[in-house]
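Notes to accompany the following structure.
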Amino acid sequence: MAGKIVRRHSDTKIWRLLIILVLLIFIGFLTFGNIQLMKKRAGLNQEMSKLKNQLEEINVQIKANSAKITPDNSSASLEKAAREELNLMKAGESVVAFPEKIESEVDKTEGLLQKIKDKPK
């Protein structure tokens, strides 16, 4: 009988160790996830502050440009100025813009047929 008691005692030690190990692993995963969330939150806060600064700059530009507006300006000229100078668009409108660098690179490239055609004989 004494052998069974010792065996049960050693079995309970093993189970306790396994439970402690599983809990430590679980706590480790929670800690790692929390650290990742804190880093992501810091990055998002930094991006949000940049966007706020950009919004403030746009508001300053709008105020500066609104001082230039006179009552005789037509709505078409105001819309044109808003689009060209402030890069604004109407609600629900989709705008496609291509950077100048890419457009100039596309103009420089030649197709294979053009190279064959222009090849000196």
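Annotations
- For region 78-100, the tally of residues that are more than 19 Å from Ile58 (Cα to Cα) and either of a type in the set (S, T, N, Q) or at pLDDT below 60 (or both) stands at 1.
- Counting only residues that are modelled with pLDDT of 75 or more and of a type in the set (Lys, Arg), region 53-77 holds 1 of them.
The values are calculated or read from the model by the stated rules, or taken from the named source; none is laboratory data. Everything quoted here is computed from the prediction, not taken from an experiment.
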